[in-house]
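Every number in this text was worked out from the coordinates using simple rules, so none of it is lab data. Quick caveat, the model's predicted, so the values are computed rather than measured. Neighbour counts run over all protein chains shown; Cβ positions are idealised from the backbone, glycine included.
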Amino acid sequence: MQIVSLGVFNKTGKRRDVFFQTGALNILTGKSKTGKSAILDVVEYCLGRNTVTIPSGVISDNASWYYIIVQFSDERLLICRPNPETASTQQAMLRTGDLTMGPPSYDDLEVNADTDVLREALTERLGIESFTVDPESGSLRQPFDISVRHALFYCFQNQGEVASRDVLFHRQIDGEIKNLIRETLPYFLGAATPEQGAIRRQIIATRRTLQRTRNSLRAAETDVGHQGDRITHLVESAVSLDMLSSDAGVDARTNVHALLESILAYRPDASGSSDTEGARRRENLVEEGRAIRTKIREIDAQVELLGRLQGEQGDSATEAQYQRDRLRALDFLLPKSAVTDGDESLCPLCDQTLQHPDETVDELRSLLHGLETRLASSKGISARRAGTIDRLRESRLPLLEALQDNVVELDALAQQETAIILGRERHERISFLQGRVSQELERGVDIAQDVATLKNAERRYRGQLAKLEEASDRDDPAVALKGAIDAVSNLMTDYARHLELENSEHYVRLDPVELTVAVMRSGTRIPLTRMGSAENWVGYHLAAHLALHHWFTTNNCPVPRFIMVDQPTQAFFPEEVVDAADDENADWEAVRRQFTLMRDVATELNGNFQIIVCDHANLADNWFQEAVVENWRNGVAFIPTDWLLDDLL
């Protein structure tokens, strides 16, 4: 795949085209700020990148659509992408044609595809086979299929990348992209093929199957030693539950399957089922007992209350008796018969006539009479209360007898329910035992035969694994990758010496793990990050990418046959160069060596490789001028001046 042309449409439908020569060196030279660097972004965007990196400004303000025409061996593909309003879009237009197909008209533009369809079309035409990359063991990353997206990492070197000592490939600064490049490079170098990937996956699957078989075999061998004890225990449990006869254990080793099947087929009778009538009777007895106990408690409460009143009355009578006895002392001093009722003029002690009559004697005698009357009444109440207590106690005795009968009946029902529970427990034990028997039958009673089958399977998988590993060793991807890297490194060394780079007298090697360039000097490895001078950084980038594409082209690897490089001569000009063609202090011989190398590589590959360079340099050499496809000076730029005037009008 090479680039035939690219262009941009403005908002009124005008088109700006840039045409390239296939299979040759193409130089787009010009002053700064004319849009040279944006050419790489336009190509990458048109080839399916969703994220838009085209600089915001004159180009994005005036563009409505971008297009690119890419050519394969027998057809061309027209790819158009609308200028997005945001930094991301998936809209695209895709059209195929023969080798004469040219740029589209504005009226032809329409969205008829998305970037997924676009990438699938490019992947198919590049000849990228179905190849799944499995991340390293233990990685959280998911397997992925290789596509044109991964191949394009080798086709771009923007201004910041070509002069970097930290990254070698396009977008490598992104850690995820670096992993993708590292994992796909063996495939694009031809060191890892789909057949090798299939063998590797078969090896992994066979190893897992072999391991599972070995685990099953170990478990089965262990199971053989315990099976006899398990079956004996099952039979003994069945005998204890009356599911088998007492002599069934004799056949436990010889007729295992039949014994287990008989245990599984056993059905217990329904005699142990619960008696609902008994349950109702128990509820009635419990309620009856509760009522009897309530009545007994009521009688006991009445007896306790009457007894407490009887005790309190006895205490009161005793006190009254004591007071009566004290008043009885009057009878010793003056008998009642000798005293005239109401005569209060005699002294009860000396029997003399009192000067003033004493009313106390009469009051005392009245008090004594009241006490004697109450004492007599109290004796009658106490007798009646004692009779009531005796009657209550007599009425309690039948209740006690009824409560005793209630308890006896409840005990009888409890024994009956215990028998029912025991029947249920037996049923549960039988069901549990049958579950274990079922599990044993599912496991298989012929474990010895299973062990033999597993041993045969283990031998078969070991043989398959040995054959797959032998096939993998015959076509070892690691060996093929080392051969490819060695060949690319040899070319890199030659290219570095042509560019007269520092340390190029030593062996220059591509590091496929760290994705960098390293110089092997006297047993010491010097990576690109430890090299000085921007001239060396740019030079080794050119040497590495030209050598890689030389390998890709000569070995028919599924990588686009072009590379785009932005500002490879920047190391030889001032940082803020306006037009390198006017700089008399630049190292023009070093610049000439760079372009000569690119020209020679394109020529050597006989039209099968295209190089597009956007740069300030503009050498006067005839071969250089023949390679110039655009010269953006004297008002010429990617966006024409009249477009800007149209906006002003």
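Structure summary
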quantity	calculated
Scaled radius of gyration (Cα, divided by 2.2 N^0.38 Å) that the stretch 498-553 gives	1.08
Computed over the stretch 66-123: relative contact order in percent, which uses C-alpha pairs under 8 Å that are six or more apart	31
30 Å Cα-Cα reach of Lys455 towards lysines, excluding residues that sit fewer than 8 places from it in its own chain	Lys467
Fully extended contour minus Cα-Cα distance, from Arg208 to Ser88, at 0.36 nm per residue	38.9 nm
Formal net charge of residues neighbouring Glu44 (Cβ-Cβ distance under 12 Å; K, R +1; D, E -1)	+2
Rg/Rh ratio calculated on Cα atoms of the stretch 95-142 (Kirkwood radius)	1.20
Difference of contour (0.36 nm per residue) and Cα-Cα distance, Lys482 to Thr51	151.7 nm
Placed amide H near His170: partners under 5 Å, 5+ positions off or other chain	Phe156
Local electrostatic count, Leu403, Cβ distance below 15 Å [Lys/Arg +1, Asp/Glu -1]	-3
3J(HN,Hα) from dihedral phi, the stretch 93-102, Karplus parametrisation 6.51/-1.76/1.60, rounded to Hz, x for glycine, proline	10, 9, 8, 9, x, 7, 6, 9, 5, x
In order through the stretch 72-80: 3J(HN,Hα) via Karplus (6.51 cos²θ - 1.76 cosθ + 1.60), integer Hz, x for Gly, Pro	10, 5, 10, 7, 10, 10, 9, 10, 10
Isotropic mean projected area of the C-alpha convex hull, the stretch 485-616 (nm²)	8.5
Listed residue (Asn112, Thr100, Gln142) projecting farthest to the positive dipole end of the stretch 22-153, Cβ model	Thr100
Asn456 versus Thr96: modelled label distance in nm, points set 7 Å from Cα along the beta carbon direction	5.2
Per-pair calculated FRET efficiency, R0 = 30 Å: Thr22 and Asp642 via Cβ, rounded to 0.05	0.50
Full-stretch length increase - Asn503, Glu304 - with 0.36 nm per residue and alpha-carbon distance subtracted	59.5 nm
Cut-off under 5 Å, modelled amide H: who pairs with Ala191 long-range	none
Globularity ratio of the stretch 1-148, using Cα Rg and 2.2 N^0.38 Å	1.14
Distance between modelled label sites at Glu589 and Asp494, nm, 7 Å Cα→Cβ extension	2.4
